[in-house]
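Below: one structure, written as structure tokens.
The values are calculated or read from the model by the stated rules, or taken from the named source; none is laboratory data. Note that the structure is a prediction, hence the values are computed from the model and not measured. We place every Cβ from the backbone using ideal geometry, glycine too, and count neighbours over all the protein chains shown. Heads up: the accessible areas ignore ligands, DNA and RNA and are worked out on the full protein's heavy atoms, side chains in. Shrake-Rupley method; radii C 1.70, N 1.55, O 1.52, S 1.80 Å.
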Amino acid sequence: MTAADAVPSPPAALAEPVARVGRGWTAALALANGAIWVGWYGPLQILLASQAKGFAPGSGMSKETMLAWVTGAGAAVSLVANPLFGALSDRTTARWGRRTPWIVAGTAGGALSLLLLAGAGGVGTMAAGWCLAQLTLNAAFAAVTAAVPDRVPRRQRGSVGGWLGAAQILGVVGGTGLATAAGGTRAGYLACAVFTVLGVLPYVVGHADLRLAAADRPAWSWHGFLAGFWLSPRRHPDLGWAWLTRFLINLSNALVLLYLLYYLRDRLHYPDPDRGVLILTAVNGVTLLATVVAGGLWSDRVGRRKPFVVWSGVLMAVATAALSGRQTWPGAIVAAAVLGVGFGVFTSVDLALMTDVLPKALDRGKDLGVINVANALPQVAAPALAAPLVTYLGGYRVLYLVAAVIGLAGALLVGRIRGVD
């Protein structure tokens, strides 16, 4: 075969990565990921609720209703923003690469949005600020997520996914801690904004991004751009089954967590349900952190993904079913620990699995954005499904039994994926 007959190599930005990434790169990307979650969860856990409590009197809404409307509007923005900015980063030919400009712009916009929330004087500004925060932070998150298939070889994605998962958990805890320790709503928003910016800096300053040449970018058309957001399960069955697996397991987990406070108060009659939720969350977080990195490393070492997803899903389903069958406080602690073990393994290996089934290198950001909808959509679907189950169809026993069946279905459907061992 002559040189003229040789198949040209894809450009570096679109090639399948083969060189392992170093610990410094992984640590910087994980820190950036955790910082973005600080920007989300400081407001979600503490600050938005505090503002709703202050703005509700005289507004005609209860604080619960106001908070639900504001967070619901933000969730709707999130569903659109993640795939949109992922697609835009795929087409970016900036000097600084495809992903870095969006990480910088999204983080800066997120920090400014948090400052807008800090100065909110009513529910209108509060809602606008939170929607802007979701819009901009999702731009940064979409680019951070897409950096994994851009730079990490397949046999290392489990461990990198584990570190990103650990950073996500610590970001949730850190955001809550910053918002609480800052000493007020405005100070809390400021602390989260500053940490988000500082946490992203080591990655964008210390690690160069891959640049896409203008000649390698496909021609623009509105029809092609919009049509690209539909990933046909018939054309890409592995991606379809992987998306459904993630959606069902996340829906099961959301159903477990949604009414946990009410479950402790109304079903277990736990004397201090607020403290009970804190204890269960801590137990769950400890076991999750203990397995999220180890699961990814183990998956990389044996070169397999599907068995880890299957058995982590089965483990979570068993723990959820135990909440239905053995409704005691010790049973709840054991279930929280087992759920953490299962969800930790699932979190790390699922990211690796998703990157393994992406159809095209050119669309990694957009496709991962569409996949990430499977994380956000269960937060919208869970209340609609849980409320009638608890109120009319059998209470918490039925709720947790249904959640277990949904999670088990998600775990077993991963077997339909054919392109991954």
Do the conditions hold for VAL318, that is, is it among the aliphatic types (A, V, I, L, M), open to solvent by less than 40 Å² (accessible area, probe 1.4 Å) and within 29 Å of ARG418 (Cβ to Cβ)? no
Given the criteria farther than 26 Å from ALA227 by Cβ and of a type outside the set (A, V, I, L, M), does PRO330 qualify? yes
Can you name every residue in the stretch 230-277 that is under 30 Å from LEU368 (Cα atoms), crowded, with 17+ Cβ neighbours inside 10 Å, aromatic (Phe, Trp, Tyr) and more than 17 Å from the chain's Cα centre (by Cα)? TRP241, TYR259
Give the residue that is most open to solvent (accessible area, probe 1.4 Å), with candidates limited to residues of the stretch 107-135 that are in contact (Cβ under 8 Å) with a residue 40 or more places away in the chain, over 14 Å from THR71 (Cβ atoms) and not hydrophobic (A, V, I, L, M, F, W, C). GLY119
Are any of the residues in the stretch 295-311 over 21 Å from TRP163 (Cα atoms), open to solvent by less than 30 Å² (accessible area, probe 1.4 Å) and among the small types (Gly, Ala, Ser)? no
Identify all residues within the stretch 136-149 that are surrounded by 24 or more Cβ atoms within 10 Å (Cβ to Cβ) and under 18 Å from PRO11 (Cβ atoms); write none if there are none. ALA146, ALA147
Collect the residues in the stretch 373-402 that are among the β-branched types (Val, Ile, Thr) and either open to solvent by less than 80 Å² (accessible area, probe 1.4 Å) or touching an Asp or Glu at 6+ places or on another chain (Cβ under 9 Å) (or both), keeping them in residue-number order. VAL373, VAL380, VAL390, VAL398, VAL402
So for the stretch 86-96 (the condition being open to solvent by 40 Å² or more (accessible area, probe 1.4 Å), modelled with pLDDT of 85 or more, part of a helix (DSSP H, G or I) and within 21 Å of ALA133 (Cα to Cα)), does at least one residue qualify? yes
Answer with yes or no whether ALA409 is free of Cβ contacts under 8 Å to residues at least 40 places away in the same chain and open to solvent by 30 Å² or more (accessible area, probe 1.4 Å). no
Tell me, which residue of the stretch 321-337 that is of a type in the set (A, V, I, L, M), in contact (Cβ under 8 Å) with a residue 40 or more places away in the chain and over 17 Å from LEU251 (Cα atoms) is least open to solvent (accessible area, probe 1.4 Å)? ALA332
